[in-house]
1. When both residues are 6+ apart or on different chains and their Cβ atoms are under 7 Å apart, which pairs have a first residue that lies in the range 315-339 and is touching a residue at least 40 places away in the same chain (Cβ under 8 Å), and a second that is surrounded by fewer than 17 Cβ atoms within 10 Å (Cβ to Cβ)?
2. Of the conditions (1) farther than 20 Å from residue 151 by Cβ; (2) in a helix (DSSP H, G or I); (3) free of Cβ contacts under 8 Å to residues at least 40 places away in the same chain; (4) touching a helix residue (DSSP H, G or I) at 6+ places or on another chain (Cβ under 7 Å), residue 356 satisfies every one except a single condition; which number is it?
3. Being loosely packed, with under 13 Cβ neighbours inside 10 Å and in contact with a helix residue (DSSP H, G or I) (Cβ under 9 Å, 6 or more places away or on another chain) is true for just one of 323, 311. Which residue is that?
4. For residue 228, only one of the following conditions fails: (1) within 30 Å of residue 144 (Cα to Cα); (2) in contact (Cβ under 8 Å) with a residue 24 or more places away in the chain; (3) part of a loop (DSSP other than H, G, I, E, B). What is its number?
5. Out of all the residues in the range 209-267, which are modelled with pLDDT under 90, under 21 Å from residue 341 (Cα atoms) and in contact with a helix residue (DSSP H, G or I) (Cβ under 7 Å, 6 or more places away or on another chain)?
6. State all residues of the range 72-123 that are closer than 30 Å to residue 246 by Cα and exposed (fewer than 12 other Cβ atoms within 10 Å of the Cβ); if no residue qualifies, say none.
7. Within the range 66-95, which residues are part of a helix (DSSP H, G or I) and over 25 Å from the mean Cα position of the chain (by Cα)?
């Protein structure tokens, strides 16, 4: 049904609202076929980051250094060569001496170095997991702001058309001046949001590029799809059990405990002497006439350093155990917090996507139908569209919150869900 007021039709308003209904039902940022490049997927960014990140490269080099130290640990000290000359008897003595640490000291040094290597490997893996979490968080924000920008473009277009309709109605004697002015204000507000969202997008791109050691303004492809989030997480005790076995920070702390205990054993072995064996020829008048063999033992006479070494080793072991306990408590607390955040985000996403937005869409369709029949007002339908847009923004935020919480959970348990 078309109504004419002062020779002007009301069809443009209905056409605007039909366009509103069509766009409100569209996804926030549909995937484009064939779109790719760095930034289009989380997996691509993670792979690039593992290659390019100087932080990860530095952690790997620290592990390499610890491995080199472990390779050299447990070896005998360098031998000593000495020459003695006695002029009165025209005798020259040559002596090669080698010290042999006894009582299993060499094995303990090797064990301590291997424990230190294991701790360094745990810290390297923790650095990698922390990097992955940061990238996942920034990519979730990148997806969200991309969706908001796409939705905002629709909002700007709709606001402009709705403002034009209200101005036309006001010129035809329908509606008040306040409505036409407010419609223009809504357009300005949407355009201001576009500026803010573009700044947010540039900021998140700069953070992603920083993780990749790229220039801040280096281009990134548009995200094409989000992560597939699990509908339900395992129970919290199961996640804690996975963290106990898989969290690299916890594994590093446990390796430090073992290293500290080994260092304590070494400190106690310092009370036991080492043996030095020596052998060499004795020459008289340039002719070799005999060989000398010597055996000597170190005397653990200085007690102060040994007592201090034992105290230091015991304190280090207690401190390492405290770090393990602190890591466990922190993991438990963070897992509980992130699981609650994830569950809440998924429930909100379900409520908004499966219930609220369909209800708003149906209500707006009803208002549109009433307006097309000349029974309702334009403002009600426009307000309904505004509610849908707000719900879609909240839906994007809920999904982003879920991805951020999932990234933290995966870092805490040391692996993917």
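The values are calculated or read from the model by the stated rules, or taken from the named source; none is laboratory data. Model, not experiment: these values are computed from the prediction. Cβ: placed from backbone, ideal geometry, glycine included. Neighbour counts: every protein chain shown.
1. Final answer for the pair search is 335/236; 336/236; 339/236.
2. Every condition holds for residue 356 apart from (1).
3. 311
4. Here residue 228 clears every test but (2).
5. Those that are modelled with pLDDT under 90, under 21 Å from residue 341 (Cα atoms) and in contact with a helix residue (DSSP H, G or I) (Cβ under 7 Å, 6 or more places away or on another chain): 226, 227, 229.
6. 72
7. 67, 68, 69, 70, 71, 72 - these are the residues of the range 66-95 that are part of a helix (DSSP H, G or I) and over 25 Å from the mean Cα position of the chain (by Cα).
Each row is one residue, and each column tells you yes or no for (1) outside any helix (DSSP H, G or I); (2) modelled with pLDDT of 90 or more; (3) surrounded by 15 or more Cβ atoms within 10 Å (Cβ to Cβ).
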position: 328; (1), (2), (3): no, yes, yes
position: 335; (1), (2), (3): no, yes, yes
position: 341; (1), (2), (3): no, yes, yes
position: 348; (1), (2), (3): no, yes, yes
position: 352; (1), (2), (3): no, yes, yes
position: 363; (1), (2), (3): no, no, yes
position: 366; (1), (2), (3): no, no, no
position: 370; (1), (2), (3): no, no, no
